[in-house]
Amino acid sequence: MISANAIKIATGLDHYAAYGTKRDMGRRFASCSVREEGVSDSSLGLIIEVFEPSPISQEGLENTKRSARGTDLPAELRPGFVARRKNAKDKTVAFVYGWTSDYKRLLMINIIENAPGRDSVADATEFFRQLKPLLLDRAT
């Protein structure tokens, strides 16, 4: 869904492995995580997840946006927002949360900021732009 080169550029990982999961007997995408390959304590670089039903309520999404100081996605990608946060390893994560208008489906994209000179918020937003029609706008 996203080119190997785009993942390499956005994550800063030269050698990585991608692990995906599906639901409903392998028919629908659930998640994908990209980790550095060849390192004993491999680092995460990218996480893409689709939730149906969304584990976060409308109020929860609004609270997350407020607490993370998120900004709305461009008009053609809404509803959703983009922000940054620190993870448990004190690394900065750029993330996008986007959902259906009825709040029943949620697409989350997280990029751990490892790539020097990259705007991870812009990269996460672009990945969302590419994946939204495939994973959020129609049944996955």
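Each reported figure results from applying straightforward, stated rules to the coordinates on display, with no laboratory input. What you see is a predicted model; the values in this text were computed from it and never measured. Note: ideal-geometry Cβ built from the backbone for every residue, glycine included; neighbour counts use all protein chains shown.
Inspect all residues belonging to segment 99-120 and state whether any of them is surrounded by 15 or more Cβ atoms within 10 Å (Cβ to Cβ), over 12 Å from the mean Cα position of the chain (by Cα), in a helix (DSSP H, G or I) and not basic (Lys, Arg).
no
Can you name every residue in segment 24-79 that is of a type in the set (Val, Ile, Thr), within 22 Å of Leu135 (Cβ to Cβ) and over 14 Å from the mean Cα position of the chain (by Cα)? Even if it seems obvious, please write down each step before you answer.
Initial filter on segment 24-79 (of a type in the set (Val, Ile, Thr)): 34, 39, 47-48, 50, 56, 64, 71.
With the extra rule that they be within 22 Å of Leu135 (Cβ to Cβ), the set shrinks to 34, 47-48, 50, 56, 64, 71.
Residues satisfying the conditions are Ile56, Thr64, Thr71.
Please go through segment 9-39 and pick out each residue that is without any contact (Cβ under 8 Å) to a residue 60 or more places away in the chain, part of a strand (DSSP E or B) and of a type in the set (D, E, K, R).
Result: Lys22, Arg23, Arg35, Glu36.
Whether any residue in segment 92-99 is closer than 26 Å to Ser3 by Cβ and out of contact with any strand residue (DSSP E or B) (no Cβ under 7 Å at 6 or more places or on another chain) is what I want to check. Break it down into steps so the answer makes sense when it comes.
We begin by selecting, within segment 92-99, every residue closer than 26 Å to Ser3 by Cβ; these are 92-99.
If we keep only those that are out of contact with any strand residue (DSSP E or B) (no Cβ under 7 Å at 6 or more places or on another chain) as well, we get none.
The answer is no, given that none of the residues of segment 92-99 is closer than 26 Å to Ser3 by Cβ and out of contact with any strand residue (DSSP E or B) (no Cβ under 7 Å at 6 or more places or on another chain).
Applying the selection to segment 40-95, what residues are aliphatic (A, V, I, L, M) and in a strand (DSSP E or B)? Give the derivation first.
Within segment 40-95, the first condition is being aliphatic (A, V, I, L, M), and the residues that meet it are 44, 46-48, 50, 56, 61, 68, 73, 75, 77, 82-83, 88, 93-94.
Residues satisfying the conditions are Leu44, Leu46, Ile47, Ile48, Val50, Val82, Ala83, Val93, Ala94.
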